[in-house]
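Heads up: the structure comes next, in structure tokens.
Where a number appears in this text, it was derived from the coordinates with a stated rule and is not lab data. Only a predicted model underlies this, so the values are computations on that prediction, with no experimental measurement involved. Virtual Cβ from ideal backbone geometry, glycine too; neighbours counted across all protein chains shown.
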Amino acid sequence: MKDPFGRNINYLRISVTDLCNLRCKYCMPEEGIPKVPHQDVLSIEEIEKIAKVFVNLGVNKIRLTGGEPLLRNGILDIVERIGKLKGLRDFAITTNGVLLKRYAKELKLRGLKRVNISLDTLDKKKYKYITRVGKLEDVIEGIEVAKQVGLTPVKINTVLIGGFNDNEIEDIIRLTQKEEIDVRFIELMPIGEGVKYEPEYFISNQIVLEKNPKLIEVERKDLSSPAVYYKLPNAKGRIGLINPISCKFCKYCNRVRLTAQGKLKLCLHSNNEIDLKEALRSGQDIEKIIIDAVGQKPESHHLENGQYVSKKMYQIGG
């Protein structure tokens, strides 16, 4: 599928739940969120049907997100159904890793190819502080099991927060030296709870390069990836910088998102949505709706002008 600006839309992110077992300060309110009524969430069968239409239209990359996707009832069934779709080349999940030790082997057996793990600090006390309830040990054990069963390459997503983890950049980068682990630093985005943060917490990823002058830029083979990658000399893994604030990458955007409630989002930072759930349940032509929707995909976001999306990140999907 091509959008109005000639971009090939071949990547779908599917949120399977709004719920999460952590309460990260920049994402979730401390008290958690109300549970969405069962009938308002896409069923396993509906997720499969919509995913199949997208794959038939040329999508070859799907990532499951949340909230925390491993909390979703039937997550293994969802993985198995999507994993069987012909034409799918890349199938991943973004998780906080807390439950990964329990699920990694079965996820691999059911067709998942790799995992992205959200991890903002390597310090136990700081991890408990930023997540409010989490244990770093659970995530580290989950990463090890993921590597053992072949959910690789493992990618670690680190939200860079001034005054919190900017003094750990070198330690996090060292994770890439001896293993094929990619670490991706992501600028803190003004979405949801992140809007409440003071300006000094928003720091540019440029600090990663300033602290690590030995980093060597890697040739970009996939222009649609939001990350610009670097490597330490002789390292096995890579360091990616994702700069939605300081450097827009909309020109090469190849993705759309499906929320847990069945809303199709053409841009993460737009409030425009198309209700695929109701369209599916009322017997409408989902394929035509998707094609027409992609034809309306905006050229870029406008975060630099203070135009922030109203939904929280856990309501959209990571």
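Quick look at the values:
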| item | result |
| --- | --- |
| Under 25 Å from LYS126, Cα to Cα: lysines that are on another chain or at least 8 residues apart | LYS25, LYS101, LYS135, LYS147, LYS155, LYS178, LYS196, LYS211, LYS312 |
| Relative contact order computed over the chain (Cα-Cα under 8 Å; 6+ residues apart), in percent | 22 |
| Within straight-line cross-link reach of LYS84, lysines at Cα separation under 20 Å, skipping those fewer than 8 residues along the same chain | LYS49, LYS52, LYS61, LYS105, LYS108, LYS113 |
| Calculated FRET efficiency for the pair GLN206/ARG89, C-beta based, R₀ 35 Å, to 0.05 | 0.60 |
| Over the range 22-96: Rg over Rh, Cα atoms, Kirkwood Rh | 1.02 |
| Residues whose placed amide H lies under 5 Å from that of VAL159, excluding near-sequence neighbours | LEU119, ILE186 |
| Space enclosed by the convex hull of the alpha-carbon atoms of the range 1-153, per residue, Å³ | 130 |
| Rg(Cα)/(2.2 N^0.38 Å) for the chain, N = residue count | 0.95 |
| Reachable aspartates and glutamates, given that their alpha-carbon falls under 19 Å from the alpha-carbon of LYS221 and they are not under 8 places away in the same chain | ASP90, GLU180, ASP182 |
| For the range 287-298, 3J(HN,Hα) per residue [Karplus equation, 6.51 cos²θ - 1.76 cosθ + 1.60, θ = phi - 60°, Hz, x = Gly/Pro] | 4, 5, 4, 5, 4, 5, 5, 4, x, 10, 4, x |
| J(HN,Hα) series, the range 68-78, from Karplus relation 6.51 cos²θ - 1.76 cosθ + 1.60, nearest Hz, glycine and proline x | 10, x, 6, 7, 5, 4, x, 4, 5, 5, 4 |
| Per-peptide average of other Cβ atoms within 10 Å, ordering 111-119, 56-64 highest first | 111-119, 56-64 |
